[in-house]
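Let me begin by presenting the structure, written as structure tokens, before commenting on it.
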Amino acid sequence: MTPRVSVVMATHDHAPYVAQAIRSVLDQTFRDFEFLIVDDGSRDDTPRVVEQFDDPRIVFRTSAENRGSAARRNELVEASRGQYIAVQNSDDYWTLDKLARQVEFLDAHPEYAATFSGASFVDADGAPLWRDVPSPSLPVRPGEPFPRGVAAPLLRRRERALPSERHDAEHVCG
């Protein structure tokens with residue numbers, strides 16, 4: 001059966017954070033998703049941390065070559081099957097109702113191509129730093145560009161994910 005949502009996550013050297021990122025997806029109140037994860041040539045224990053999860057929705061593969069998260073996300077999006085595509089960064093975590101709220105919004109508003117949620121930024125210990133995009137949903141209409149720099153709080157329709165809306169492998173954050 002085809003899942004409603006495909007969650008894609010590329011990870012690289014995020015052993016301290018990836019378990020929390022994965023748990024936050026698996027614990028979603030919305031359950032109809034596949035979870036595609038690729039390790040992008042990590043040199044730490046990231047692959048071993050990911051392999052500890054035993055959930056039939058997870059499809060995990062590793063690569064010895066580090067190609068970058070954008071290139072890996074593009075591969076995962078191409079392999080995905082869901083009506084909607086959600087990006088999860090391997091050092092982020094979601095609130096329990098993130099997918100449910102975004103799927104409900106896009107189901108009710110076919111005129112929108114995507115929706116973004118707010119993001120709270122925390123330090124390595126989980127202490128709050130600051131909050132961005134305070135609105136519960138920032139919709140994007142078909143044909144409008146996605147706001148640059150917004151990734152993980154995004155849920156978009158499949159038709160906005162392939163092939164013209166690929167992640168920019170040349171864009172480097174940080």
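The numbers here are math on the coordinates, done by the rules we state, and not lab data. Bear in mind that the values here come from a model prediction, so they are computed numbers and not experimental data. Glycine gets a Cβ as well: all are built from the backbone with ideal geometry, and neighbour counts include every protein chain shown.
Before moving on, here are some points about what is shown:
- Cβ-placed point charges (K, R +1; D, E -1), dipole of the range 1-85 about Cα centre in debye, nearest 20: 240
- Highest average packing first - 14-25, 101-112, Cβ atoms within 10 Å: 14-25, 101-112
- Highest-first arrangement of 67-74, 50-57, where packing means the average Cβ count within 10 Å: 67-74, 50-57
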